[in-house]
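Some notes on the structure that comes next.
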Amino acid sequence: MAAKRLQSGDLEERIQLRVGARVRELRQAAGITTVVLAEGSGISQGQLSKIENGKAALSVTVLARLCQFFDRPVGYLFQSFDEMPRVLGTLTTVKGPENAGIQWFAEEVRRISDGSLSLLPLRPSQIGSAAAQVDQLKDGLIDLFVEEPFYYSTFVPGFNAFALPYTFHSESHRRAFIDSAFFRERLIEPLRQAGIRTINRRWNWKRGVEWVLAASQPLVTPGDLRGLKVRIVESDLMRRFWRALGARPVAVPWAEVSAALRSRDIDVLPTHRAHLYPLKFCRHMRFVTLLGDLPPVLSVAVNEAKYQVLRPDIQNTLLEACDRAGDFFSEHVRLSEAKNEALNIARFKAAYLKVALDPWRVTVARVRSDLLAEGLLDPETTAAIAAVHPIEGEPLQ
């Protein structure tokens, strides 16, 4: 009996020391004093000092207050370093320069964490469509996801605004919206409450150069789309959008796009200029209509529960690596496209069509107004985007 009591006492002491170490770690990472933590958590400074030194009897009430202050699950306080996750799963994006950018991100995470955290690339065939991956991210089946924000509209409808072209007049206009309180409070925070945390603090992951239409025939005006089969993701919004432009939307999973092009199941592929050559789209759709829209900004997001069990220094490592990788990703894609356009023309006789943009902008604006009236776009998000102003001195595109 004495031996059992001794073992029980040893275990309790180890738990107290572990919890104390976790609390001190969180406080120091937050850059606050014990006075601030005591006031914010409603725990006396003396009690807090005992907890951090592993000398306090632990109650559920006290632990709950501390975890509420730091926005952490209670289980985090009981984990040893060895029990914390070392690997986060991610996916390899489309073939070409984007894939290289993802690989660079994974290497940067490993490098600056000194091997404490790794990103494990998964093939798209292993995890399904982007829409399926968002659900998997929320449910914790995958841990990290890099894609366009409109995929989160399943959980927060306001993200649908990112699905349509010409939503933002300029990069500065988009930046002003992303920096706004509305974006943080009405889009990002509800998404986090749903179990998905965005980690790209600077939102500097840019996909490609601009939005384009790859087609089997020249498309110069919106009227040229009439009757043509346009590839879309499975989305009521996108189906309604392309029908309003006179096209026939066809939902095709990304993994099946190349086959659909070969079999002529689609006539038009809305895509990004940087995708054209690496994925050989112009082998079947050699006419490329340049529509002058901004390259989409990508969201980098992690499963919230997995993020919460990472130590603060590992969290910071992930955030820092994401910021650095965004700069590399965007520049690498841009420079690659500068070379790939010439290759695309030489190999596939691609024809890049520079068209008058006003008819496209006017038509899209009319359709956007109709979609808003039909309830397919969130009115508050639409109004918030219209209300922000770009940085003074930057011309609108």
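A compact table of results
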| item | result |
| --- | --- |
| Using a Förster distance of 51 Å, the FRET efficiency for residue 342-residue 71 (Cβ separation, nearest 0.05) | 0.50 |
| Top of 134, 109, 355 by mean-square fluctuation, Gaussian network on the chain, Cα under 10 Å | 355 |
| Reduced Cα scattering model of segment 251-397, Debye log10 I(q)/I(0), q = 0.10, 0.19 Å⁻¹ | -0.59, -1.28 |
| Most positive-pole-ward Cα, 259, 32, 238, against dipole of the chain from beta carbon charges | 259 |
| Cα→Cβ-extended label distance, 7 Å offset, between residue 263 and residue 283, nm | 1.6 nm |
| Pairs beyond 18 Å (Cα-Cα), from 95/229; 280/349; 95/349; 95/206; 95/339; 280/354 | 95/229; 95/349; 280/354 |
| Per-residue Cβ neighbour rank within 10 angstrom, fewest leading, 188, 15 | 15, 188 |
| Rounded tilt (10° steps) of 2-30 against the dominant C-alpha axis of the chain | 50 degrees |
| Separation of the residue 131 and residue 95 label points, Cα + 7 Å toward Cβ, nm | 2.5 nm |
| Measure of compaction for the chain (Cα Rg per 2.2 N^0.38 Å) | 1.17 |
| Estimated 222 nm signal from helices in the chain, with DSSP H stretches of n ≥ 4 weighted -39500 (n - 2.57), rounded to 500 | -14000 deg cm²/dmol |
| Sorted by Cβ density within 10 Å, fewest first, the residues 168, 329 | 168, 329 |
| GNM top mover of 240, 14, 192 - the chain, alpha-carbon springs below 10 Å | 14 |
| Stretchable slack from residue 240 to residue 35, in nm (0.36 nm times residue separation minus alpha-carbon distance) | 68.2 nm |
| Cα lying deepest toward the dipole's positive end in the chain, options 167, 386, 296, charges on Cβ | 296 |
| Rg(Cα)/(2.2 N^0.38 Å) for segment 142-202, N = residue count | 1.10 |
| Over segment 95-211: Rg over Rh, Cα atoms, Kirkwood Rh | 0.96 |
| Residue 103-residue 189 FRET efficiency (beta carbon distance; Förster radius 35 Å; 0.05 resolution) | 0.65 |
| Spin-label model distance (nm) - residue 45 vs residue 21, 7 Å beyond Cα toward Cβ | 2.7 nm |
| Principal-axis tilt of helix 60-70 within the chain, Cα atoms, nearest 10 degrees | 40 degrees |
| Net charge contributed by nearby residues that have their C-beta within less than 12 Å of residue 227 (K/R +1, D/E -1) | +2 |
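Readers should treat all values here as calculations from the given coordinates under stated rules, not as data from a laboratory. On a predicted model such as this, the values are computed, not experimentally measured, just so you know. For neighbour counting, all protein chains shown are included, and Cβ atoms are generated from backbone atoms with ideal geometry for every residue, glycine included.
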